[in-house]
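Remarks on the structure that follows.
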Amino acid sequence: MSRIPDSTIAEIRSRADIVGLIGRYVELKQAGRNWRGLCPFHNEKTPSFNVSPDRQIFHCFGCQEGGDVIAFLIKHSGLSFPEAARQLASELGIVVPEEREGAGEAGLTTRIFEANEIAQTLYREALREPDGKLARNYLLSRGFDGRLADEFGIGYAPSRWDAVAARLREKRIPAEIGMKAGLLVDRKSGSGHYDRLRGRLTFPIRDVRGRVVGFGGRALEADQDPKYLNTPETPVFLKRQAFYGLPDALESIRRAGRVVICEGYFDRIAFARAGLCEALATCGTALTPEHGVALRRRTREVVLVFDGDRAGQAATEKGLAVLLPHGLRVRAATIPGGLDPDDYLNKEGADALRRLVDEAPDALEQTIRNAVRHGIATPDQKADVVAHVAPLVARVADVVSRDEYARRLALAIDAAPAAVAAVVRDAARNASQTPQVDGAALGLERERRDEPEDRQLRELARICLQRPRLIGDEIALQIEELVPLGAWKAIISELLSAGQQGELTAAEGGGVDPFAVEPRLDDDARRRLREIAVDDTPIDAERSAEQVLSDLITWFQERRLSAREHELTRKLRISNEGYEDLLAQKDAALRERRARLGVRKNESGQASGSAHATHRSEGLE
């Protein structure tokens, strides 16, 4: 990369708006001639991070970090000096020397961003073309016209196999860059590459600077699984840090003094359509500590929007466990009637959706009320409630607030405040870095580790860990589509990625190096990874690893078909419209299931017994 002249650097520094730039990442408030906020480089409760627009510098009196606008980008975003300078120059319209060949890692990220922008342009064009009619009709059915699609950058990934691949070739972007960007997949048989997203509605996922880092794809056909498919993690797309809705939400977050956190792309768009532009959505993952850090830099209040069922309660509690240690004040809004925000907006209107958010109750108090509903008639029941809620109360960062929640918990169960406070103090001392929310004692929703699906996921993860060479790109893509969201999905996805990138151990057999994967997982997933890493029992004493892998894939295919049948049956029971269409869909699903079962029976007849078929169908009914 060519050296940037000193005169160009000086021009960048003088023309950049340091308050505006840092304000994208940090909630700043004016204090005299300077601006002040919480330091993004260390945890603090009292703002000590200062920005001087007069001198175009920043300085933190807590950790002593400081510098100019380029230094901030380097420290905050992990950019090299040339990349940070060029990014700012591009925003300011300043011309700097172009990159030369061999630019290294900085050049790689630049090319990935370029490939993503090319794909986004293609997807937007395809939405308007004849092949995009299905996508346009789907958007119209959800109340979207062309203006809304343009506003949110929604596009369409053509159904053919090489639309993006061909466009990248046309723009002289190597296929290797397309693969590193997650846009392309290497063909297992033969040469060449094919598009990862095909026949799907697309949503661009951007970073705080507005650059496309990845894509979410929404299925349009009934037989497309999964319903939502993201591009994988890349050097510029880290799901544990990414939010859908950036950078459009930043100014609204500053004005509203809060963030609304939801689960899906259409959910985030629904809030924005209702005037709640401070909404953000996670990208195929639960909230992580990295999300918590990013949110705390910009606001003090978070409103979580999840379903009102047990799974929604569990998601709220897990969100509390992540967010409370960062000093965030968390409220929880519940959409009534089991609707998602988009459906509720279309049914009840923008004012009703805004009221749900504005009137959302305190999430921790709501958790206390939910726990108490399971009974406090006996001493043991009261102890169970305290044991369940105390770990969350212990995560409250502010001491005064923590003591008040402990007092309210004691009041709710009619117990001695001193006794409850003692349990909270013990929980605070014993708290892990990311405590796990366990609702077993109260019958609340939790993941049961002994369920058939969990056992199948564990075995699949073991194969991905121990035998990565068995899994080609086609099988890996199939696994990614079949495995449900959760901790095992995160583990399996990272193991597949590590195997493809050659992050293997030097030991005999060349399994995936678990230490290469661990840093990319949360605490729960890391613990599970360690469990399977130390498990030296044979994967199966009677079958080869290849057969076990094939059987596991078959099991998840049948699981998916069964779930689809149950969903269609449910719709048939409650729907007064489209009955014949639903009946036809169920009939097609049953035929597909019978066909698969017929194939499986034929395979089982050639095997050494019926035990294998029993293993594969376990838990499907």
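The values are calculated or read from the model by the stated rules, or taken from the named source; none is laboratory data. All values derive from a computational prediction rather than experimental measurement. As a convention, Cβ positions derive from the backbone with ideal geometry for all residues, glycine included, and neighbour counts pool all protein chains shown. Protein only, heavy atoms only, side chains kept; ligands, DNA and RNA dropped before computing areas. Shrake-Rupley method; radii C 1.70, N 1.55, O 1.52, S 1.80 Å.
Filtering the range 123-144 to residues that are outside any helix (DSSP H, G or I) and more than 27 Å from the chain's Cα centre (by Cα) leaves only Glu129. When you check Ser52 against the structure, is it open to solvent by 20 Å² or more (accessible area, probe 1.4 Å), free of Cβ contacts under 8 Å to residues at least 60 places away in the same chain and of a type in the set (S, T, N, Q), yes or no? In short, no. Checking Leu320, Leu339 one by one, the residue that is within 26 Å of Phe41 (Cα to Cα), in contact with a Lys or Arg (Cβ under 8 Å, 6 or more places away or on another chain) and hydrophobic (A, V, I, L, M, F, W, C) is Leu320 and no other.
Looking only at the range 260-294, count how many residues are under 28 Å from Gly155 (Cβ atoms), assigned to a helix (DSSP H, G or I), at pLDDT 90 or above and not charged (D, E, K, R). I'd like the intermediate steps shown before the answer.
At the first step, the residues of the range 260-294 found to be under 28 Å from Gly155 (Cβ atoms) are 260-288, 290-291, 294.
Narrowing the set further to residues that are assigned to a helix (DSSP H, G or I) leaves 265-273, 290-291, 294.
Checking the rest, the ones that are also at pLDDT 90 or above come to 265-273, 291.
Right, trim to not charged (D, E, K, R) and you get 265-266, 269-272, 291.
Residues meeting the conditions: 7.
Where helices (runs of 4 or more DSSP H) fall wholly inside the range 357-433, the ranges with 3 or more residues that are open to solvent by 50 Å² or more (accessible area, probe 1.4 Å) and of a type in the set (A, V, I, L, M) are 399-413, 417-430. Screening the range 295-327 for residues that are in contact with a Gly (Cβ under 6 Å, 6 or more places away or on another chain), open to solvent by 10 Å² or more (accessible area, probe 1.4 Å) and part of a helix (DSSP H, G or I) and picking the one that is nearest to Leu21 (Cα to Cα) gives His326.
Selection of the range 55-65 for residues being on the phi > 0 side of the Ramachandran plot and crowded, with 16+ Cβ neighbours inside 10 Å yields only Gln56. Residue count for the range 208-226, restricted to those that are at pLDDT 90 or above and either of a type outside the set (Val, Ile, Thr) or open to solvent by 40 Å² or more (accessible area, probe 1.4 Å) (or both): 8.
Whether a residue is in a loop (DSSP other than H, G, I, E, B), open to solvent by 10 Å² or more (accessible area, probe 1.4 Å), touching a Ser or Thr at 6+ places or on another chain (Cβ under 6 Å) and over 30 Å from Val26 (Cβ atoms) was assessed, and Arg198 passes this test. Restricting attention to the range 201-233, the residues that are of a type in the set (D, E, K, R) and under 21 Å from Ser497 (Cβ atoms) total 3.
Might you check whether a residue that is within 18 Å of Tyr25 (Cβ to Cβ), outside any loop (DSSP other than H, G, I, E, B), modelled with pLDDT of 85 or more and within 29 Å of the chain's Cα centre (by Cα) occurs anywhere in the range 90-104? There is at least one residue in the range 90-104 that is within 18 Å of Tyr25 (Cβ to Cβ), outside any loop (DSSP other than H, G, I, E, B), modelled with pLDDT of 85 or more and within 29 Å of the chain's Cα centre (by Cα).
Considering only residues that are touching a Pro at 6+ places or on another chain (Cβ under 6 Å) and not in a strand (DSSP E or B), look in the range 26-47 and name the one that is least open to solvent (accessible area, probe 1.4 Å).
Just the residues of the range 26-47 that are touching a Pro at 6+ places or on another chain (Cβ under 6 Å), to begin with: 26, 36-38.
If we keep only those that are not in a strand (DSSP E or B) as well, we get 26, 38.
Values: Val26: 1, Leu38: 20 Å².
So, considering only residues that are touching a Pro at 6+ places or on another chain (Cβ under 6 Å) and not in a strand (DSSP E or B), the one least open to solvent (accessible area, probe 1.4 Å) is Val26.
What number of residues within the range 328-337 are surrounded by 20 or more Cβ atoms within 10 Å (Cβ to Cβ) and either over 14 Å from Val396 (Cα atoms) or among the β-branched types (Val, Ile, Thr) (or both)? Quick ask: steps written out before the conclusion?
First, the residues of the range 328-337 that are surrounded by 20 or more Cβ atoms within 10 Å (Cβ to Cβ): 328, 330-333, 335.
When the remaining residues are screened for being either over 14 Å from Val396 (Cα atoms) or among the β-branched types (Val, Ile, Thr) (or both), the result is 330, 332-333, 335.
Counting residues in the range 328-337 that are surrounded by 20 or more Cβ atoms within 10 Å (Cβ to Cβ) and either over 14 Å from Val396 (Cα atoms) or among the β-branched types (Val, Ile, Thr) (or both) gives 4.
Within the range 163-191, residues that are without any contact (Cβ under 8 Å) to a residue 40 or more places away in the chain and closer than 16 Å to Gln500 by Cβ sit with their Cβ atoms under 8 Å from residues that are part of a loop (DSSP other than H, G, I, E, B) and charged (D, E, K, R), at 6+ positions apart or across chains, in these pairs: Leu184/Arg196.
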